[in-house]
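Participant: What follows is a single structure, and I will ask about it in a moment.
The values are calculated or read from the model by the stated rules, or taken from the named source; none is laboratory data. Values in this document were obtained by computation on a predicted structure and should not be read as measured data. No Cβ is skipped: glycine too gets one built from the backbone with ideal geometry, and neighbour counts run over all protein chains shown. What goes into the accessible areas is simple: the full protein's heavy atoms, side chains included, and nothing from ligands, DNA or RNA. Shrake-Rupley method; radii C 1.70, N 1.55, O 1.52, S 1.80 Å.
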Amino acid sequence: MLIFDSHLDLAWNAVEWNRDLMLPAAEIRSFEKHFSDIIPGDCTVSFYELNRGNIGLVIATLLPRLHRKDKELTFYQSREAAHGSAHGQLHYYKAMEAKGVIKALATRGAFAEHAAAWKQATANGTGKRPAIGYILSMEGAPPVMYPEQVHDWFAAGLRLIGPAHYGPNEYCHGTGSVGGLSADGRRLLQEMDKAGMLLDATHLSDDSFWEAMDVFQGPVIASHHNCRALVPGDRQLTDEQIKTLIQRGAVIGAAFDNWMLIPGWKKYVTPLESVTLERVADHIDYVCQLAGNARHSGIGTDLDGGYGKEQSPYDMDTIADIRKVGEILDRRGYSTEDVARIMHGNFIDFFSRNLPA
């Protein structure tokens, strides 16, 4: 089955972690064994693994974040530096496009055509696969140096902005911080509306989330978010937030980061086997039960988003194994149609409606 992954930090892994994403994960791991204390854990994502797992459509990010083993969350100290970093990642995607590995899907028509080609390729099970199709997103808005610059980023192919990441930034408050939008944050959302830029509500603090829902009038998703009712903490969505996103027509991508899957998870303390892909299915099912249908849940792994296999479900070696989530949902009684919706259909429907014509 075709899989749509709504959150992967591919360029960040290639540029900041210095990974050759053309290789199988096993070869990347073998190379990185020569360097101690550089990476947090074994690689799980590469273009090779995406193709092996039929993950043909993704949201790929520009992530203005440094990677330092001893300081997990380090950010650029100015919008200008973040701007430069994001443009470097953008040019990585352009280089991989020129190589024919990926294809930018910035319009409704291009997206629909490419999604159809992948559906046909996976249904046939034979023949050459299309390039991996990607929608360009930004996780954390500091690369936007001033709100009106949203239009320049849109012209460069950016289609989604998640204003927040961890902590506060110039536009809003994110995970682990308390507060609402700044004056620039409100203007940013207004300019996003004008440009036709879509909103990713992931990582917004509670106050910033509710203010964003008031200010921003366009389509919204939560690309990689789980449920606070199952795992307490401000990184997860409350029932009220989930219901609001459902009312806005959003799709919520289930994240695969272990500490977001079970309560109280601690790296190198919690037994690895205690977190499996069943827990991902729990969060998907919770969203579906709140919605009363399977039309608002999807897959947003965030694999290799600052961690590796040591912080991923035990029964998953690489991202190619996330097909198992569909098998779990099938065993739980989800129909074939609903499994397909969750694994790819809901996000395909969303972007088929909301990308620019």
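Participant: Within the set of pairs 6+ apart or on separate chains, which have a first residue in the range 77-93 that is closer than 14 Å to Gly140 by Cα, a second that is in a loop (DSSP other than H, G, I, E, B) and open to solvent by 50 Å² or more (accessible area, probe 1.4 Å), and C-beta atoms under 6 Å apart?
Facilitator: Listed pairs, sorted by first residue: Arg79/Met145; Ala82/Tyr76; His83/Met145.
Participant: Does the range 25-34 contain any residue that is closer than 24 Å to Trp118 by Cβ and among the aromatic types (Phe, Trp, Tyr)? Working first, answer last.
Facilitator: First, the residues of the range 25-34 that are closer than 24 Å to Trp118 by Cβ: 25.
From what's left, among the aromatic types (Phe, Trp, Tyr): none.
The answer is no; no qualifying residue exists.
Participant: OK, next. Kindly indicate the residue of the range 235-248 that is out of contact with any Lys or Arg (no Cβ under 8 Å at 6 or more places or on another chain) and assigned to a loop (DSSP other than H, G, I, E, B) and also farthest from Ser312 (Cα to Cα) among those meeting that condition.
Facilitator: Among them, the one singled out is Arg248.
Participant: Out of the residues in the range 34-51 that are of a type in the set (Asp, Glu) and open to solvent by less than 70 Å² (accessible area, probe 1.4 Å), state the one that is farthest from the chain's Cα centre (by Cα).
Facilitator: We begin by selecting, within the range 34-51, every residue of a type in the set (Asp, Glu); these are 37, 42, 49.
This time we only want the ones that are open to solvent by less than 70 Å² (accessible area, probe 1.4 Å), so: 42, 49.
Numbers: Asp42: 19, Glu49: 17 Å.
Per the criteria, the residue is Asp42.
Participant: Could you pull out the residue among Met138, Met145 that is of a type outside the set (Val, Ile, Thr) and within 29 Å of Asn54 (Cβ to Cβ)? Outline the logic, then answer.
Facilitator: On the way: Met145 fails: within 29 Å of Asn54 (Cβ to Cβ).
None of the other options fit; the residue is Met138.
Participant: Related question: Please identify the pairs in which a residue from the range 189-209 that is in contact (Cβ under 8 Å) with a residue 60 or more places away in the chain has its Cβ atom under 8 Å from the Cβ atom of a residue that is assigned to a helix (DSSP H, G or I), counting only partners at least 6 apart or on another chain.
Facilitator: Correct list of pairs: Gly196/Phe154; Leu198/Met192; Leu198/Asn354.
Participant: Is it the case that His173 is touching a Ser or Thr at 6+ places or on another chain (Cβ under 7 Å) and open to solvent by 10 Å² or more (accessible area, probe 1.4 Å)?
Facilitator: yes
Participant: Would you check if Leu181 is of a type in the set (A, V, I, L, M, F, W, C) and under 21 Å from the mean Cα position of the chain (by Cα)?
Facilitator: Numbers: of a type in the set (A, V, I, L, M, F, W, C): yes; under 21 Å from the mean Cα position of the chain (by Cα): no.
It is false that Leu181 is of a type in the set (A, V, I, L, M, F, W, C) and under 21 Å from the mean Cα position of the chain (by Cα).
Participant: In the range 61-120, which residue that is polar (S, T, N, Q) and within 25 Å of His203 (Cα to Cα) is most open to solvent (accessible area, probe 1.4 Å)? Talk me through it step by step, then tell me what you get.
Facilitator: Pass one, the range 61-120, residues polar (S, T, N, Q): 61, 74, 77-78, 85, 89, 107, 120.
With the extra rule that they be within 25 Å of His203 (Cα to Cα), the set shrinks to 61, 74, 77-78, 85, 89.
Working: Thr61: 0, Thr74: 25, Gln77: 173, Ser78: 39, Ser85: 24, Gln89: 5 Å².
Across the range 61-120, the extreme among qualifying residues is Gln77.
Participant: Another question, if that's okay. Among the residues of the range 180-208 satisfying the criterion of being open to solvent by 10 Å² or more (accessible area, probe 1.4 Å) and part of a loop (DSSP other than H, G, I, E, B), which is nearest to Leu136 (Cα to Cα)?
Facilitator: Gly196
Participant: If we keep just the residues of the range 234-256 that are within 17 Å of Gly298 (Cα to Cα) and basic (Lys, Arg), which is least open to solvent (accessible area, probe 1.4 Å)?
Facilitator: Filtering the range 234-256 for residues that are within 17 Å of Gly298 (Cα to Cα) and basic (Lys, Arg), the one least open to solvent (accessible area, probe 1.4 Å) comes out as Arg248.
Participant: State which residue is surrounded by the most Cβ atoms within 10 Å (Cβ to Cβ) when the search covers only the range 18-33 and only residues that are among the hydrophobic types (A, V, I, L, M, F, W, C) and either touching a strand residue (DSSP E or B) at 6+ places or on another chain (Cβ under 6 Å) or at pLDDT 95 or above (or both). Full working, then the answer.
Facilitator: Going residue by residue through the range 18-33, those that are among the hydrophobic types (A, V, I, L, M, F, W, C) are 21-23, 25-26, 28, 31.
So of that shortlist, the ones also either touching a strand residue (DSSP E or B) at 6+ places or on another chain (Cβ under 6 Å) or at pLDDT 95 or above (or both) come out as 21-23, 25-26, 28.
Working: Leu21: 23, Met22: 14, Leu23: 17, Ala25: 24, Ala26: 15, Ile28: 27.
For the range 18-33, the residue satisfying everything is Ile28.
Participant: While we're here: Can you pull out the residues in the range 136-168 that are part of a loop (DSSP other than H, G, I, E, B) and open to solvent by 40 Å² or more (accessible area, probe 1.4 Å)? Steps first, answer last, please.
Facilitator: First, the residues of the range 136-168 that are part of a loop (DSSP other than H, G, I, E, B): 140-146, 156-157, 163-165, 167.
Met145, Tyr146, listed by residue number.
Participant: Within the range 257-315, how many residues are open to solvent by less than 50 Å² (accessible area, probe 1.4 Å), of a type in the set (Ser, Thr, Tyr), at pLDDT 95 or above and part of a loop (DSSP other than H, G, I, E, B)?
Facilitator: Counting residues in the range 257-315 that are open to solvent by less than 50 Å² (accessible area, probe 1.4 Å), of a type in the set (Ser, Thr, Tyr), at pLDDT 95 or above and part of a loop (DSSP other than H, G, I, E, B) gives 4.
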